[in-house]
Amino acid sequence: MFETLDRITNGLDLSDAAKKAISKTSFWAKIISIISFCTLVINFVFLLFLSSFNPLFAIFLMILHFLPFLVIYHLFQSSKNLINSIKISDQEKLELGLKHLGYFFQINGILLILVVLFFSLLFLISTILVINLF
């Protein structure tokens, strides 16, 4: 299967419309990642200042801010590589940009599943508690 895919995509040539779409996607990904990164840093500094009295809370905040940083990092790397691939017509940069974009969506998907499971569990526990009260 992979050999067939390699033969089909070998020598991939992008149309002007595809290049424009990649450029626009890259631009907005960079804007979102920069704003998100700045917001994350400001939030982290503020919370670190508030948690200066409790070192365990500071460690918890570092761990808590690592996952959003990882998501933002992959979005920024994707943006950077995608725009560079268009500017210099580099297939490897395009592949790397799409790889980082894939990581961005994989991490977001995993986090979404975890949040849905958490709230489902919370709903189940609250339902059981309400039923036991009556």
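Listed values, structure above:
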{"item": "Options Lys30, Lys24: the member that is modelled with pLDDT of 90 or more, of a type outside the set (Gly, Ala, Ser) and touching a Ser or Thr at 6+ places or on another chain (Cβ under 6 Å)", "result": "Lys30"}
{"item": "Every residue from segment 84-93 that is without any contact (Cβ under 8 Å) to a residue 60 or more places away in the chain and assigned to a helix (DSSP H, G or I)", "result": "Asn84, Lys87, Ile88, Glu92, Lys93"}
{"item": "Filtered residue count, segment 49-86, keeping only those that are polar (S, T, N, Q) and surrounded by fewer than 14 Cβ atoms within 10 Å (Cβ to Cβ)", "result": "2"}
{"item": "Selection within segment 55-111 - under 21 Å from Lys20 (Cβ atoms), of a type in the set (Val, Ile, Thr) and modelled with pLDDT of 90 or more", "result": "Ile83"}
{"item": "Close pairs (7 angstrom Cβ cut-off, 6 or more residues apart or separate chains): under 16 Å from Cys38 (Cα atoms) in segment 55-70, part of a helix (DSSP H, G or I) and not charged (D, E, K, R) anywhere", "result": "His65/Leu40; His65/Phe44; Leu67/Leu111; Pro68/Leu40; Phe69/Leu40; Leu70/Ile107"}
{"item": "Matching residues in segment 29-48 - criterion: being surrounded by fewer than 12 Cβ atoms within 10 Å (Cβ to Cβ), of a type in the set (Phe, Trp, Tyr) and either closer than 19 Å to Lys80 by Cβ or in contact with a Leu (Cβ under 7 Å, 6 or more places away or on another chain) (or both)", "result": "none"}
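Here's the yes/no breakdown for (1) over 30 Å from Phe27 (Cβ atoms); (2) of a type in the set (Ser, Thr, Tyr); (3) in a helix (DSSP H, G or I):
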residue	(1), (2), (3)
Leu47	yes, no, yes
Leu70	no, no, yes
Ser79	no, yes, yes
Lys99	no, no, yes
Phe105	no, no, yes
Ile110	no, no, yes
Val115	no, no, yes
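The values are calculated or read from the model by the stated rules, or taken from the named source; none is laboratory data. Note that the structure is predicted; figures quoted are calculated from it, not measured. So basically every Cβ, Gly included, is an ideal-geometry build from the backbone, and we count neighbours across all protein chains shown.
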